[in-house]
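Working notes, beginning with the structure itself.
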Amino acid sequence: MDIKVIRDEFFENFPSHCTRKSYRIDIEKFTSFMSIHFEEITLIEDVERQHIIKYRNWLAEIGGRWGRPCAPKTIARKMAALSSYFDHLVESGIHQFNPVSSIKRPRREVLTPTNALSGEQVLQIFHAIDLNNASGILHNALLVTFFMTGMRKSEVLMLKRCDYKELNTYHVLEFIGKGGKVGQKLLHPHCVEAIELYLANMDSIGRKHHPQDWLFQPTRNPANPNNLNKPLNPKTINEILDFYAKKIALPFKISPHSARATFISQLLDMGTDIYKVAREVNHSSVKTTQEYDKRRKKLSDSPILDLKY
């Protein structure tokens, strides 16, 4: 199947770069599957319900990485991307109907939940950071921001200096979230302290921020040493987390999403209302927030004990 049938205007309809990238990857995977398993189908308008079912089943059996099954949540996401694309084709008059709309999708269960840290482990990471050099001060500001805001990696990396501001007696970060949503994050005093230390250090070494400069900038740029006013490489964040995870001998691998999972699970453990947590992390559904709830069910917590007839 010719990938050129994927029309650019469909992707441009999504304001988020990450969303456009994910949808393009998902749809290209489907067209690749069709070209291998249904060579006779050369036009997107000839795709039928039976092809979508075969694709869904293939994903569930061997369509994942290294020939493994895809997780139910991944399959559901890929089917949602396809359904959205075929809706676009129907609206454009290219396809007569959406062959995905009536296909059963798996429940969005998480087979391997993101590793969340305990409060003690987060403190160990903070204490392991050396604040006697520029790199350590940057790492401190970054990690404290991740663990104390629950923001996504892309949201943190795209922050500008003007996004860090003071409103009345509060400090906040304004950011562009998933789906192009504009969000505002109230900052904990410890997070404010870490960012202020970072900004003061940047000023002291002659790298004072201007409003439209990137908030978190690299300490060095081997490719172009004179160009340091740029966003951090996404891989750099993973490397920083790996470094400190090994430094404190953390028994499992973590990622930037682990910081978000830790933020959510810590709030839930404190007894914060789950709907408030969902709003805080910009989840469109509280069901997504529930996936991070690590609290163990205890007999003593059963509502049965509250019954009074």
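Laboratory data are not the source of any read-out in this text; all were calculated from the coordinates shown. Here the structure is a predicted model, which is why all the values come from computation and not from measurement. Every residue, glycine among them, receives a Cβ derived from its backbone with ideal geometry; neighbour counts consider all protein chains shown.
With a ≥ b ≥ c the root eigenvalues of the C-alpha gyration tensor of the stretch 3-91, is it rounded (a/c under 1.5), prolate (a/b larger than b/c) or oblate? Verdict is oblate for the stretch 3-91. Only lysines eight or more places from Lys230 in sequence, or on another chain, were considered; those with a Cα closer than 17 Å are Lys153, Lys160, Lys208.
In a reduced charge model with +1 at each Lys and Arg Cβ and -1 at each Asp and Glu Cβ, the chain shows a dipole moment near 660 debye about its Cα centre.
Per-residue extension of 0.36 nm, minus the Cα-Cα distance of Asn133 and Ser35, leaves a gain of 29.9 nm for this segment. Structural size metrics of the chain, computed from C-alpha coordinates, are Rg and Dmax of 23.0, 75 Å. Can you find, among Trp66, Phe86, Cys18, the residue farthest towards the positive end of the dipole of the stretch 3-91? Put +1 on the C-beta of Lys and Arg, -1 on that of Asp and Glu. Value computed over the given set: Trp66. Dividing the summed helix terms, -39500 (n - 2.57) for each DSSP H run of n ≥ 4, by the number of residues in the chain produces a 222 nm estimate of -14500 deg cm²/dmol to the nearest 500. Placing +1 on the Cβ of every Lys and Arg and -1 on the Cβ of every Asp and Glu, with no other charges, gives the stretch 3-91 a dipole of roughly 640 debye about its Cα centre. Within the chain, helices built from complete DSSP H runs that reach 27 Å or longer along their own axis (Cα positions) and carry a mean Kyte-Doolittle hydropathy of -1.0 or higher are 17-37, 72-91. Annotation: the stretch 1-156 has a Kirkwood hydrodynamic radius of 18.5 angstrom, from the mean reciprocal C-alpha pair distance. For the pair Glu174 and Ser204, what calculated FRET efficiency results from E = 1/(1 + (r/R0)^6), where r is the Cβ-Cβ distance and R0 = 30 Å, to the nearest 0.05? That gives a FRET efficiency of 0.70.
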